[in-house]
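See below for the structure under consideration.
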Amino acid sequence: MLEYTPVMQRAAINIEDQLRKVNGGISAALSGIAPEIFDFKAHPFSFLGKAARARFTLLAAQTLGADAARAGRAAAAAEMTHTASLLHDDCLDTARYRRGLPTLYDQLGVNGAILVGDLLMALAFDEAGAAAPELQGELAGAVRRMAEGALLEENSRWKKTDAAGAERMTALKTGALFRWCALAACHLARRQDLLETCARLGEGTGVVFQMVDDVLDFEGDAGACGKETLKDIREGKFTLPLILAINDGTAGPEAEKLLEALRAAPAADLGPALELSKLVREGGFCAAARADASKKAEELKPLADQLPAGEGADALKKFINDTARRLA
Ligand code: FPP
Ligand code: MG
């Protein structure tokens, strides 16, 4: 039985204080927007969720000895970029709940949610530039990869995808921003010698994070996750648990049949999605996907070992392990 340990609580001792400053930095950036443009106070929406990317940035910065204030700005840029991508993603997914609150897509419709996402993206670039000018170009590269991953996913809906294809999308869609977080820490610490190591460590951490996200879509608690579950299969997205089920000699034919029924069913009919998810969970395919995520986290250790040893590196390794074990 997995034990739920919030990633944040197990992170380095002084991360909480820094995170409060990151949150303050995001609020300060948002407060510069005139209410007639967008009134952030009038729309209940969380602009900082689990803050996994901020934590990862701060831990990497601490490990590498980067300036804490600049790292805080980079962490804020990472979270703003992430939230901007979610505002767009919720339009693509017609998602109604995010971080335990109605999505901005639900509150404002597609147009408003996309434009607030664009606004946030611009603020993120400002914040990245304030941390260090070279981080802006790196962030443009990360956003490009994220959009490429999201487009690959969009083009693959209802198309049979294999595990390698799914991992490629994941590395782009989610790995790219974690990669940027690690690169930002590396640039801020002026450790150019570690850029390649940080890029691989960051991308790998993002892949682990997304693999667990995909498992949680099948077996997570919607309340704890703060968003609807079973969205991926209902949207025709072939994530690893489903791919493993379809490729299984015993469960495969039934999984394919249920998937066809799901595709044909009206959106309001949850029956086929529930049946398919039961088959995926009870067939052990979520457990297998999670085991794969843990293996990938384990494989990142030699990269983490190349960073300066100490309390920071230990906390960073713990963060990566906890990411593979998270239940929300
Ligand atoms: C959430 O993953 C979404 C992402 C990790 C990235 C989505 C990227 C874009 C929409 C491209 C545009 C990017 C920017 C920066 C404007 P998910 O859909 O698997 O998770 P979910 O269950 O939370 O929706
Ligand atoms: Mg989504």
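The values are calculated or read from the model by the stated rules, or taken from the named source; none is laboratory data. This is a predicted model, so every value here is computed, not measured. For neighbour counting, all protein chains shown are included, and Cβ atoms are generated from backbone atoms with ideal geometry for every residue, glycine included. To get the accessible areas, we keep the full protein, side chains included, count just its heavy atoms, and leave off ligands, DNA and RNA. Shrake-Rupley method; radii C 1.70, N 1.55, O 1.52, S 1.80 Å.
Some observations on this one:
- Charge dipole (debye, nearest 20) of segment 209-328; +1 at Cβ of Lys and Arg, -1 at Cβ of Asp and Glu: 140 debye
- Electrostatic dipole magnitude of the chain [Cβ: Lys, Arg +1; Asp, Glu -1; Cα centre; debye, to 20]: 400 debye
- Relative contact order of the chain, pairs being alpha-carbon contacts under 8 Å that are 6 or more residues apart, as %: 22 percent
- The SER31 and ALA268 beta-carbon pair, evaluated with R₀ = 41 Å, returns a calculated FRET efficiency of approximately 0.55.
- Dipole of segment 11-145 computed with +1 at Lys/Arg Cβ and -1 at Asp/Glu Cβ about the Cα centre; of SER46, ALA122, ALA132, farthest Cα towards the positive end is SER46.
- Each peptide in 61-69, 271-279, 47-55 receives the mean, over its residues, of other Cβ atoms within 10 Å, and ordering these scores from highest gives 47-55, 61-69, 271-279.
- Bins of 5 Å, starting at 0 and running to the largest distance - Cα pair percent for segment 228-282: 4, 21, 38, 25, 10, 2, 0
- Residue-wise HN-Hα couplings along segment 305-317, as the Karplus relation 6.51 cos²θ - 1.76 cosθ + 1.60 with θ = phi - 60° gives them from phi, are 5, 7, 7, x, 6, x, 4, x, 4, 5, 5, 5, 5 Hz; Gly and Pro carry x.
- Among GLY252, ILE320, ILE37 the positive-end extreme of the charge dipole of the chain (Cβ point charges): ILE320
- The percentage of C-alpha pairs in segment 252-328 whose separation is greater than 15 Å is 67%.
- Using a probe of 1.4 angstrom and keeping all protein chains present, the accessible surface of segment 247-294 works out to 54 square angstrom per residue.
- Highest to lowest packing among 311-317, 236-242, 151-157, scored as the average C-beta count within 10 Å: 236-242, 311-317, 151-157
- Separation of the ASP39 and ASP162 label points, Cα + 7 Å toward Cβ, nm: 5.5 nm
- Over 18 Å (Cα to Cα) - which of LYS21/LYS318; LYS159/LYS231; LYS296/LYS318; LYS50/LYS296; LYS159/LYS257; LYS50/LYS301 fall in this group: LYS21/LYS318; LYS50/LYS296; LYS50/LYS301
- Using only side-chain charges placed at the Cβ, +1 for Lys and Arg and -1 for Asp and Glu, the dipole size of segment 91-159 relative to its Cα centre rounds to 360 debye.
- R0 of 45 Å, Cβ-Cβ distance GLU299-LYS21: FRET efficiency to nearest 0.05: 0.85
- Cβ-derived FRET efficiency at R0 35 Å, ALA224 paired with ASP126, nearest 0.05: 0.55
- Multiplying the residue separation of ASP67 and ASN111 by 0.36 nm and subtracting their alpha-carbon distance yields 12.0 nm.
- Evaluating 6.51 cos²θ - 1.76 cosθ + 1.60 at θ = phi - 60° for every residue in segment 241-256, the Karplus couplings come out as x, 5, 4, 5, 5, 5, 7, 7, x, 7, 7, x, x, 5, 4, 5 Hz, glycine and proline recorded as x.
- Proximal aspartates and glutamates relative to LYS173, as straight alpha-carbon distance under 15 Å, when same-chain residues fewer than 8 apart are discounted: GLU79, ASP89, ASP90, ASP93, GLU148, GLU153, GLU154, GLU203, ASP213, ASP214, ASP232
- Solvent-accessible area of segment 212-315 (1.4 angstrom probe, protein heavy atoms only): carbon and sulfur portion equals 52 percent.
- Shape summary: segment 174-328 maps onto an equivalent ellipsoid whose semi-axes, from the alpha-carbon gyration tensor, are 36, 15, 13 Å in decreasing order.
- The chain: projected area of the alpha-carbon convex hull, averaged over directions, in nm²: 15.8 nm²
- Only protein atoms count toward the accessible area here, which uses a 1.4 Å probe; on segment 127-189, the carbon and sulfur part of that area reaches 53 percent.
- Against the chain, whose longest principal axis is taken from its Cα atoms, helix 134-155 shows a tilt of about 10°.
- Prolate/oblate/rounded label for segment 104-203 (Cα gyration tensor, a/c 1.5): oblate
- Comparing Cα centroids, segment 217-244 and segment 76-150 end up 21 angstrom apart.
- Most fluctuating residue given options PHE178, PHE45, PHE218, as computed from a GNM of the chain linking Cα atoms under 10 Å: PHE45
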